[in-house]
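Notes for the one structure printed next.
The values are calculated or read from the model by the stated rules, or taken from the named source; none is laboratory data. Just so we're clear, the structure is a prediction, and the values are computed from it rather than from any experiment. We place every Cβ from the backbone using ideal geometry, glycine too, and count neighbours over all the protein chains shown. Side chains included, ligands, DNA and RNA excluded: accessible areas come from the protein's heavy atoms. Shrake-Rupley method; radii C 1.70, N 1.55, O 1.52, S 1.80 Å.
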Amino acid sequence: MKFVVIGSSAAGINAVEVLRRLRPEATIDLISEENAPLYSRSLLSFYLAGQLPETKLLYRPNNFYQQYDIRAHVGARAIRIDPSSKQVHLASGEKIAYDSLLIATGARSKMPQIPGIELDGIYPLRDLKDAHAIKKRLKQAPKAAILGGGLVGLKAAQALKNCGLKVTVVVKSGRLLSQMLDTEAAKIFESCLQQHHIDLIPGKEAVAFQGRHSVEKIILDDGSSLDTNLVIIGKGVKPNTELLPESAQKSHYGIPVNHFLQTNVEHLYAAGDVVETNDLARGEKRINALWPCAVEQGRIAATNMAGKPTAYAGSMSMNSLQFFNIPVISMGIVSAQAPEFKEI
């Protein structure tokens, strides 16, 4: 039996562990475009703030692939899946055969397509390469701007403030953590920003970046500007669905799957931030791009790939964080507008 997993983060790594346990005789190939140790993305802001060394980011030990007898193709980019021949084509020209395949390609940061986006000093904060680049930039960047008031944006703001930078957060939606908190709770965090001397610009959006070679200024949609030497984009993610074959069912957003995390293409499964599954609170298909969801989906997808049918019930939006010593947990629907909901 030949298994192939594309992606080496939470869903992919948990999948290969389960595959090896259930099918010890199988051949398992893992393809990862990222050439880095197996680390936790959730900890990147702590590394950026200097609170954790890079070694503490590791999610699995350096000998993981040898330990689980995985044929790892690290730094390799999959460019096409051919279901008819049951092969994955790599950019190098290599072809890898499979009997069952898991797409665990995750998501990438949404970058605004506006003038000046190509300037140095503008970064997402999605992977270790981003964190390295930002950390290198800190010495020449006394002023930083965060675009986006979500979880990534606020964690980045706290990290940069801890590094001694003057930080400004620009939030288009008008309130912080709009997907996680209601208006009343968001105001608590706005007060927290003020107490820690982080500036907040609500209800505005960047329309251009300016500078000679590196970013020096952000132009906002009301015509005002903001001086900065470093910009971190935290405006959500876009699922990496490009490998989905032409014959597969498509969605406006992620990869649709059934309760067994299987696509409509035989022997082709998907898990993690790339997949649409049942949202238990909303009763509809949705991507809940969360680490624990990816872990569970990777394990269940692998169980099904190994021939042990196991249904995935679904998930719901949930998050926990501690922002400048204010802990918060959020689950489910936080800003319901429908008349059948009551806010208590």
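Amide H contacts for Arg108 (H built 1.01 Å from N in the peptide plane; partners 5 or more residues away or on another chain; cut-off under 5 Å): Lys238, Asn240. Placing unit charges on the Cβ atoms of the charged side chains and taking the dipole of the chain about its Cα centre, the candidate lying farthest along the positive direction among Val74, Gly149, Cys293 is Val74.
Across the stretch 305-344, Cα pairs under 8 Å and at least six residues apart give a relative contact order of 28 percent.
A cut-off of 5 Å between modelled amide H atoms, ignoring neighbours fewer than 5 places along the same chain, links Val275 with Ile255.
Pairs exceeding 19 Å between alpha-carbon atoms, taken from Lys136/Lys166; Lys110/Lys204; Lys187/Lys238: Lys187/Lys238. Where the centroid of each part is defined by its Cα atoms, how far is the stretch 89-136 from the stretch 206-284 in Å? Each part reduced to its Cα centre gives a spacing of 11 Å.
Taking the convex hull of the alpha carbon positions in the stretch 45-137 and averaging its projected area over all directions gives 8.9 nm². About its Cα centre, the chain has a charge dipole of approximately 620 debye under the convention of +1 per Lys or Arg Cβ and -1 per Asp or Glu Cβ, with nothing else charged. Scanning residues 5 or more positions from Ala72 or on other chains, those with amide H under 5 Å from its amide H are Leu30, with H placed 1.01 Å from N in the peptide plane.
Sorting the segments 99-112, 304-317 by their mean number of nearby beta carbons within 10 angstrom, highest to lowest, gives 99-112, 304-317.
If you count only protein heavy atoms with a 1.4 Å probe, what accessible area per residue comes out for the chain, rounded to a whole Å²? List each step's numbers first, then the result.
Details: 16750 Å² over 344 residues.
Ligands and nucleic acids excluded, the figure is 49 Å² per residue.
Calculate the spin-label point distance for His197 paired with Ile329, positioning each point 7 Å from the Cα along the beta-carbon direction, and give it in nanometres. A separation of 3.5 nm, rounded to one decimal place. Candidate cross-link partners of Lys129 among the aspartates and glutamates, defined by an alpha-carbon separation under 15 Å and a same-chain spacing of 8 or more, comprise Glu33, Glu34, Glu54, Asp120.
Quick one: in the stretch 191-308, what % of C-alpha pairs are over 18 Å apart? Above the 18 Å cut-off, the stretch 191-308 has 65 percent of its Cα pairs. Kirkwood analysis of the Cα pair distances in the chain returns a hydrodynamic radius of 21.4 Å.
Label separation (Ala26 vs Ser173): 3.8 nm, computed from points 7 Å beyond Cα along the C-beta direction. Surface composition of the chain: carbon plus sulfur atoms contribute 49% of the solvent-accessible area (1.4 Å probe, protein chains only, all chains present). A dipole drawn for the stretch 255-321 from +1 and -1 charges on Cβ atoms has a positive end, and of Val257, Val274, Asn304 the residue lying farthest that way is Asn304. For the stretch 33-74 and the stretch 297-344, compute the distance between their C-alpha centroids and round to whole Å. So the two Cα centres are separated by 25 Å.
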